[in-house]
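Undergrad: Please read through the structure below; I'll follow up with questions.
No lab work stands behind these numbers, since they all come straight from the coordinates. Quantities reported herein were computed from a predicted structural model and do not represent experimental measurements. Cβ sites come from the backbone with ideal geometry, for glycine too, and all protein chains shown count toward neighbours.
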Amino acid sequence: MDDDVWARHANPWSGWSRVSILPLFAIAVWSRVWIGWWAMIPVAIVLLWTWLNPRLFSPPASVNNWMTKGVLGEHIWLARGKDRDLAHHAPVIRNLTISTSAGTILLLTGLAVLNVPMTTTGLAITMLTKLWILDRMVWVYTEIGEGSASLA
């Protein structure tokens, strides 16, 4: 994403509505039980929503909300995550990323074998750890970005 898309994605409507993507994806994949190969249509719609979402909203009017700070912090982290002044965040973010990956593997395996407990556990782990990472990105933004991060 370029800086303009990041600015649009920082809109809290974009950030919060993206939280819907994993549950919608799980339902879309699971729908193959009910509608067979037609399930590719809802899967494609969810994938389109994933791409369109950060592009649909205008930049936020203010950065005084948790989601906007989290998205801007993520932008900073992706650009400067190796900086010495951010090094204290790296172990936590690494461990949360490993947990998110484990949850994603569990989610995808559950969807492949149509196992409800595995799917819902993987979904919960993935979403909770992703939100925890986002909370850490708020911290990154608060430490590094306030006053220096622009919205486009």
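Undergrad: If one takes the longest principal axis of the Cα atoms in the chain, at what angle in degrees, from 0 to 90 and to the nearest 10, does the Cα axis of helix 40-56 lie?
TA: 10
Undergrad: Here's something else I'd like to know. Whole-Hz Karplus ³J(HN,Hα) for the range 126-134, in order, using 6.51 cos²θ - 1.76 cosθ + 1.60 and θ = phi - 60°, x for Gly and Pro?
TA: 4, 5, 5, 6, 5, 5, 5, 4, 4
Undergrad: What distance in nm separates the two pseudo spin-label positions at LEU131 and TRP51, each 7 Å out from Cα along the beta-carbon direction?
TA: Computed distance between label sites LEU131 and TRP51 equals 2.9 nm.
Undergrad: Shifting gears a bit: With Kirkwood's inverse mean 1/r over C-alpha pairs for Rh, give me the Rg to Rh ratio of the range 3-145, two decimals please. Spell out each step's value before the answer.
TA: On the way: Rg = 16.6 Å, Rh = 16.2 Å.
A ratio of 1.02.
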